[in-house]
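Encoded as C-alpha coordinates, the structure appears first; notes follow it.
The values are calculated or read from the model by the stated rules, or taken from the named source; none is laboratory data. All figures in this text were calculated on a predicted structure; none of them were measured in a lab. Here the Cβ is made from the backbone with ideal geometry for all residues, glycine too, and neighbour counts use every protein chain on show.
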Amino acid sequence: MFSISIKGGLPIYEQLCRRITELISTGVMQKDEKLPAVREVAKQLGVNPNTVQKAYHALEQQGLIYSVPAKGSYVSSSEEGVISLRKNAMKNFTESVKNALGCGIERQALVEAIDSI
(Lines give C-alpha, C1' and ligand atoms only; values in the text may rest on other atoms or scores of the structure.)
Protein backbone atom coordinates (compact mmCIF):
# COMPACT_ATOMS: atom_id res chain seq x y z
CA MET A 1 0.00 0.00 0.00
CA PHE A 2 2.81 2.38 0.85
CA SER A 3 6.06 2.80 -1.02
CA ILE A 4 9.12 4.93 -0.47
CA SER A 5 12.30 5.77 -2.30
CA ILE A 6 15.50 5.43 -0.32
CA LYS A 7 17.33 7.42 -3.00
CA GLY A 8 14.78 10.24 -2.97
CA GLY A 9 15.73 13.59 -1.55
CA LEU A 10 12.74 13.60 0.79
CA PRO A 11 13.01 12.06 4.27
CA ILE A 12 11.26 8.70 4.57
CA TYR A 13 8.67 9.92 7.06
CA GLU A 14 7.73 12.79 4.74
CA GLN A 15 7.35 10.39 1.82
CA LEU A 16 5.08 8.24 3.97
CA CYS A 17 3.07 11.29 5.07
CA ARG A 18 2.60 12.40 1.48
CA ARG A 19 1.48 8.95 0.34
CA ILE A 20 -1.04 8.55 3.17
CA THR A 21 -2.27 12.12 2.64
CA GLU A 22 -2.80 11.34 -1.04
CA LEU A 23 -4.73 8.16 -0.23
CA ILE A 24 -6.94 10.00 2.24
CA SER A 25 -7.57 13.11 0.14
CA THR A 26 -8.45 11.09 -2.98
CA GLY A 27 -10.84 8.87 -1.04
CA VAL A 28 -8.87 5.64 -1.44
CA MET A 29 -8.72 5.44 2.34
CA GLN A 30 -12.16 5.99 3.83
CA LYS A 31 -13.24 7.74 7.01
CA ASP A 32 -12.59 5.69 10.16
CA GLU A 33 -10.57 3.12 8.17
CA LYS A 34 -7.81 1.56 10.24
CA LEU A 35 -4.27 2.29 9.11
CA PRO A 36 -1.77 -0.57 9.13
CA ALA A 37 0.07 -0.99 12.43
CA VAL A 38 3.29 0.96 12.83
CA ARG A 39 5.38 -2.21 13.09
CA GLU A 40 3.67 -3.73 10.06
CA VAL A 41 4.46 -0.69 7.90
CA ALA A 42 8.01 -0.50 9.24
CA LYS A 43 8.60 -4.16 8.39
CA GLN A 44 7.03 -3.81 4.93
CA LEU A 45 9.19 -0.77 4.09
CA GLY A 46 12.31 -1.93 5.91
CA VAL A 47 12.49 1.17 8.10
CA ASN A 48 12.65 1.89 11.81
CA PRO A 49 9.23 1.85 13.53
CA ASN A 50 10.07 5.29 14.98
CA THR A 51 10.05 6.65 11.41
CA VAL A 52 6.54 5.36 10.81
CA GLN A 53 5.42 6.62 14.21
CA LYS A 54 6.79 10.08 13.34
CA ALA A 55 4.75 10.08 10.13
CA TYR A 56 1.59 8.97 11.93
CA HIS A 57 2.15 11.66 14.57
CA ALA A 58 2.54 14.35 11.89
CA LEU A 59 -0.67 13.20 10.19
CA GLU A 60 -2.48 13.27 13.52
CA GLN A 61 -1.27 16.84 14.11
CA GLN A 62 -2.74 17.79 10.71
CA GLY A 63 -6.09 16.27 11.67
CA LEU A 64 -5.97 13.59 8.99
CA ILE A 65 -5.83 10.62 11.35
CA TYR A 66 -6.54 9.89 14.98
CA SER A 67 -5.17 7.29 17.37
CA VAL A 68 -6.95 5.09 19.84
CA PRO A 69 -4.67 3.75 22.57
CA ALA A 70 -4.08 -0.01 22.22
CA LYS A 71 -6.27 -0.06 19.08
CA GLY A 72 -4.29 1.78 16.40
CA SER A 73 -4.62 4.74 14.07
CA TYR A 74 -7.61 5.55 11.90
CA VAL A 75 -8.52 7.96 9.11
CA SER A 76 -10.26 10.97 10.64
CA SER A 77 -13.99 11.16 10.13
CA SER A 78 -13.72 14.94 9.98
CA GLU A 79 -13.23 16.67 6.64
CA GLU A 80 -11.39 19.57 8.26
CA GLY A 81 -7.91 18.08 7.78
CA VAL A 82 -8.46 17.42 4.07
CA ILE A 83 -10.10 20.81 3.53
CA SER A 84 -7.17 22.52 5.25
CA LEU A 85 -4.68 20.61 3.10
CA ARG A 86 -6.51 21.54 -0.09
CA LYS A 87 -6.69 25.23 0.90
CA ASN A 88 -2.98 25.22 1.67
CA ALA A 89 -2.21 23.47 -1.62
CA MET A 90 -4.22 26.06 -3.56
CA LYS A 91 -2.50 28.90 -1.70
CA ASN A 92 0.92 27.46 -2.58
CA PHE A 93 -0.18 26.87 -6.17
CA THR A 94 -1.44 30.45 -6.50
CA GLU A 95 1.83 31.83 -5.15
CA SER A 96 3.83 29.64 -7.54
CA VAL A 97 1.74 30.73 -10.52
CA LYS A 98 2.17 34.39 -9.58
CA ASN A 99 5.91 33.84 -9.26
CA ALA A 100 6.07 32.08 -12.64
CA LEU A 101 4.07 34.83 -14.35
CA GLY A 102 6.32 37.41 -12.70
CA CYS A 103 9.33 35.64 -14.20
CA GLY A 104 7.84 35.95 -17.67
CA ILE A 105 6.54 32.41 -18.11
CA GLU A 106 3.59 32.48 -20.48
CA ARG A 107 0.14 31.35 -19.37
CA GLN A 108 0.06 28.63 -22.03
CA ALA A 109 3.33 27.17 -20.73
CA LEU A 110 1.77 26.92 -17.27
CA VAL A 111 -1.33 25.21 -18.66
CA GLU A 112 0.88 22.75 -20.56
CA ALA A 113 2.87 22.06 -17.39
CA ILE A 114 -0.33 21.31 -15.48
CA ASP A 115 -1.60 19.06 -18.27
CA SER A 116 1.68 17.13 -18.32
CA ILE A 117 1.37 16.40 -14.60
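At pLDDT below 95, among the β-branched types (Val, Ile, Thr) and closer than 30 Å to residue 110 by Cβ - does that describe any residue in the stretch 79-92? Steps first, answer last, please.
So the first thing to find is which residues in the stretch 79-92 are at pLDDT below 95, and the list is 79-92.
Still in the list and also among the β-branched types (Val, Ile, Thr): 82-83.
Going one step further and asking which of them are closer than 30 Å to residue 110 by Cβ, we end up with 82-83.
There is at least one residue in the stretch 79-92 that is at pLDDT below 95, among the β-branched types (Val, Ile, Thr) and closer than 30 Å to residue 110 by Cβ.
Condition check for residue 73 on (1) more than 22 Å from residue 19 (Cβ to Cβ); (2) touching a residue at least 24 places away in the same chain (Cβ under 8 Å): one failure, at (1).
Would you call residue 96 hydroxyl-bearing (Ser, Thr, Tyr) and in the same structural domain as residue 26 (by TED's automatic domain parsing)? Here the answer is no, as residue 96 does not meet what is asked.
Entry remark, the stretch 79-117: residues being more than 21 Å from residue 26 (Cα to Cα), small (Gly, Ala, Ser) and assigned to a helix (DSSP H, G or I) number 5 in total. Going by what's in this entry, would residue 71 be described as among the basic types (Lys, Arg) and surrounded by 17 or more Cβ atoms within 10 Å (Cβ to Cβ)? So residue 71 fails the test.
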